[in-house]
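Before any comments, here is the structure.
Values quoted throughout were computed directly from the atomic coordinates according to the rules given, and no laboratory measurement underlies them. All values derive from a computational prediction rather than experimental measurement. Because the Cβ atoms are built from the backbone with ideal geometry, glycine has one as well, and the counts that use them run over all protein chains shown.
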Amino acid sequence: MAARNLREIMTQNLATVTLLDNVYEVAVKMKNWDVGVIPVVNEQDDVIGIITDRDIVIRGLAEKKEGSAKVEDVMSKDVILGSPEMKADEAAKIMAKHQIRRLPVVDNGKLVGIVAIGDLAVRNQLETEAGEALAEISETPSRH
């Protein structure tokens, strides 16, 4: 089976937030979209961060920040990115190396989708590497 690229397996319809949103608005969007991670984009749709439900708990609630806290104060800024033409096995290796469960996909710097480690494993895009990456990521608390 030929290795698939991320364009074929990424989720394209996704929620985003900007620095103008606050943590409460992010939490509501997570609830409405039934997701635990949302990319943070600027006006040009460039990915400038990512915010997870864990970020809200650890950097928000645990640090006694209110729901009006700025997205910028809670988000992760060191985002690892993929491209639509990246092969699924390459994405799995990157995700395992960086211990992340989700990889935002950008094309010419613009957000076009997101791939979860489960997308790689569930869709059987890889025989062993997605499984290994999933096992490694599941053993260690993730950043995303």
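General remarks:
- Hydrodynamic radius of the range 66-117 by the Kirkwood approach over all distinct alpha-carbon pairs: 12.2 Å.
- Close amide-amide hydrogen proximity is noted between G82 and V105, V106, each under 5 Å apart and 5 or more residues distant or on a separate chain (H modeled in the peptide plane; Pro and chain starts excluded).
- For peptides 70-81, 106-117, sequence by mean Cβ density within 10 Å, most packed first: 106-117, 70-81
- With neighbours defined as other Cβ atoms within 10 Å of a residue's Cβ, the residues R102, R59 order from fewest to most as R59, R102.
- Cross-link table K31/K87; K87/K110; K70/K93, entries beyond 28 Å C-alpha to C-alpha: K31/K87; K70/K93
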